[in-house]
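**Q** Structure in structure tokens, see below.
The values are calculated or read from the model by the stated rules, or taken from the named source; none is laboratory data. Remember, it's a predicted structure, so these values are computed and weren't measured experimentally. So basically every Cβ, Gly included, is an ideal-geometry build from the backbone, and we count neighbours across all protein chains shown.
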Amino acid sequence: MGESFTFDKEKMMTANTGILVLGVLWLVFWLGPAFSTFLVDSRWGHNFALPLTFMTVGIAYNFRMISCQLAAVIAAFFVVPGQLGFWSWCTATIIASSLLLIVLILYLIERGRETELLHPNPRLKSWLKLHLITFAYIGLGHIPLIFFLVRWPNPGSFVEFLPMEQSISIAAFNAMLIILILLAILERFVKKVGRFKVNRVGFFWSVLMIIIPLFTINATV
């Protein structure tokens with residue numbers, strides 16, 4: 001008989017899992033209840049590319065191959081031009097979808113190999129394994145930074161490709177995202193802070209990121 005599957009709750013309850021789930025639910029929300037908003041104003045379509053990028057980073061973390069995680073870093077930093085309104089939602093979505101597909105293809109290729117496609121010397125390999133996903137988190141961290149430091153004070157500068165997003169729910173999501181990114185980075189190097197397990201705090205924080213913005217979705221500033 002084959003080995004039985006066991007669900008390891010401890011390994012699954014992490015900030016990274018939260019990022020993956022957040023991406024999936026964010027995409028479902030915009031393909032479902034919020035799709036009519038996109039039909040009225042297609043600029044809201046940038047909410048397709050962003051969750052796809054979250055999913056790419058979350059999946060690449062679990063694949064643990066250098067090639068997959070390098071593609072995730074590229075995907076995370078491709079958030080920046082879209083958030084700055086340099087290209088349309090359609091271009092951003094095509095790029096995000098393509099990079100997610102590349103990660104999945106790389107995994108399928110890598111899975112059947114004895115050595116990884118990217119196989120540097122042992123020291124560099126260890127460094128990349130340790131830090132690549134952290135760089136991907138830093139890329140995602142540009143989302144709230146651009147929102148608060150660039151787009152919030154200058155909303156009219158991005159109206160060609162991005163909608164006016166002056167709402168409490170969007171501000172709450174971006175503020176909470178900063179903390180989630182910090183928790184995701186922290187849990188890679190620290191297991192506990194006092195009595196609290198960092199990975200569990202990150203996971204439950206990601207759950208709150210789904211609940212709180214929904215409660216405030218009809219509020220405006």
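**Q** Looking only at region 110-137, filter to residues that are surrounded by 14 or more Cβ atoms within 10 Å (Cβ to Cβ) and either in contact with a strand residue (DSSP E or B) (Cβ under 6 Å, 6 or more places away or on another chain) or hydrophobic (A, V, I, L, M, F, W, C) (or both); which one of those is nearest to Glu165 (Cα to Cα)?
**A** Ala136
**Q** Need pairs with beta-carbon distance below 6 Å; first residue free of Cβ contacts under 8 Å to residues at least 12 places away in the same chain and within region 44-72, second crowded, with 21+ Cβ neighbours inside 10 Å; sequence gap 6+ or separate chains.
**A** Pairs found: none.
**Q** Right, here's the next one. In region 73-98, how many are under 17 Å from Val159 (Cβ atoms), in contact (Cβ under 8 Å) with a residue 60 or more places away in the chain and of a type in the set (A, V, I, L, M, F, W, C)?
**A** Of the residues in that region, 4 qualify.
**Q** May I pose another question? So, in region 186-200, exactly how many residues are surrounded by fewer than 19 Cβ atoms within 10 Å (Cβ to Cβ), of a type outside the set (D, E, K, R) and in a helix (DSSP H, G or I)?
**A** Of the residues in region 186-200, 1 are surrounded by fewer than 19 Cβ atoms within 10 Å (Cβ to Cβ), of a type outside the set (D, E, K, R) and in a helix (DSSP H, G or I).
**Q** Could you list, in sequence order, the residues of region 146-183 that are of a type in the set (S, T, N, Q) and in contact (Cβ under 8 Å) with a residue 40 or more places away in the chain?
**A** Ser157, Gln166, Ser167, Ser169
**Q** Out of the residues in region 54-71 that are more than 10 Å from the chain's Cα centre (by Cα) and of a type outside the set (A, V, I, L, M), which is nearest to Pro120 (Cα to Cα)?
**A** It comes out as Ser67.
**Q** Let me ask another. Scanning for something at pLDDT 90 or above and either farther than 26 Å from Ala60 by Cα or within 15 Å of the chain's Cα centre (by Cα) (or both), does region 117-132 turn up at least one residue?
**A** Yes.
**Q** Can you name every residue in region 191-203 that is of a type outside the set (Lys, Arg) and in contact (Cβ under 8 Å) with a residue 12 or more places away in the chain?
**A** Val198, Asn199, Val201, Gly202, Phe203
**Q** Report, by residue number, each residue of region 202-221 that is under 20 Å from Gly23 (Cβ atoms) and in contact with a strand residue (DSSP E or B) (Cβ under 8 Å, 6 or more places away or on another chain). Give the derivation first.
**A** Of region 202-221, the ones under 20 Å from Gly23 (Cβ atoms) are 202-214, 217.
The one that is under 20 Å from Gly23 (Cβ atoms) and in contact with a strand residue (DSSP E or B) (Cβ under 8 Å, 6 or more places away or on another chain): Ile217.
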